[in-house]
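These notes are about the structure you will find just below.
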Amino acid sequence: MGRKRKKANSAGFIVIFILLIIICITGAFAWINRYDLFPNLIKNGVTVCFLGKGGENKIVKYNYDETLKQTKFEYAIRKLIEGPSDIQRMFNTYSEIPAGTKILAIIQEKDKNIIDLTPEFNTGGGTESIYKKLNQIIETVELNTDKPTYLFINGVQTEVFGGEGIMITQPLSRNSL
């Protein structure tokens, strides 16, 4: 009779121990990804436009650290080009901006902004993809600055975009497409 009780206690202890490990891992996961999981925690942040499951805009907030050597606008554009995190992807967040896209320059003048991207931004996907990636840039710009912002590809202001030859007007706005 004493042995059965000892085995039951050991089994109970193992179950409790496993549950504690699961709780610790879950808590660590939530803490590391607290801004992804709980965007209302962000008090001083930037807003970026990614895409959701059905291709709709999915607005994501990022905490902005005042010690960064970049403005909030630049930080937002860098986050957009970087793409969603692995955690965000788990929650059906994606980007149409090609993975190889790099920022050549973000120039912020008193009266305008210029975003200069590598030619990779202008590649991949069909017409729908082009509209979505341009929309992501436009929405992110409009959410983070009031200044007119111009899109350049490889140092040249863009007027015709993609292989389909989609015309865009600048500065970037919702009416650009």
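Data table
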| quantity | calculated |
| --- | --- |
| Cα-based helix-to-principal-axis angle, 2-32 vs the chain, degrees rounded to 10 | 20 |
| Interchain or long-range residues, amide H under 5 Å from L104's placed H | D116, L117, T118 |
| Rg to Rh quotient for the chain, alpha carbon positions, Kirkwood Rh | 1.22 |
| Spatially proximal aspartates and glutamates relative to K69 (Cα-Cα < 20 Å; intrachain offsets below 8 disregarded) | E82, E109, D116 |
| Angle in degrees between helix 127-144 and the longest Cα principal axis of the chain, rounded to the nearest 10 | 80 |
| Estimated inter-spin distance, E66 and N44, nm [label 7 Å along Cα→Cβ] | 0.4 |
| Estimated [θ] at 222 nm from DSSP helical runs (n ≥ 4, -39500 (n - 2.57)) normalised by residues in the chain, nearest 500 | -12500 deg cm²/dmol |
| Exposed GluC sites (Glu not before Pro) absent: longest stretch of the chain, with sites in DSSP loops and at most 16 other Cβ within 10 Å deemed exposed | 1-55 |
| Pairwise FRET efficiency - K53 versus L104, Cβ, R0 = 41 Å, nearest 0.05 | 0.80 |
| Residues N92 and T123, FRET efficiency given R0 of 25 Å [Cβ-Cβ distance, rounded to 0.05] | 0.55 |
| Neighbour count of at most 15 Cβ within 10 Å plus DSSP loop: longest trypsin sites (Lys or Arg not before Pro)-free window in the chain | 113-173 |
| Chain lengthening between Q157 and I23 when straightened (0.36 nm per residue, less Cα-Cα) | 43.0 nm |
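A short reminder: the numbers here are calculations on the coordinates, not readings from a lab. The shown structure was predicted, so the numbers you read here are calculated from the model rather than taken from an experiment. We place every Cβ from the backbone using ideal geometry, glycine too, and count neighbours over all the protein chains shown.
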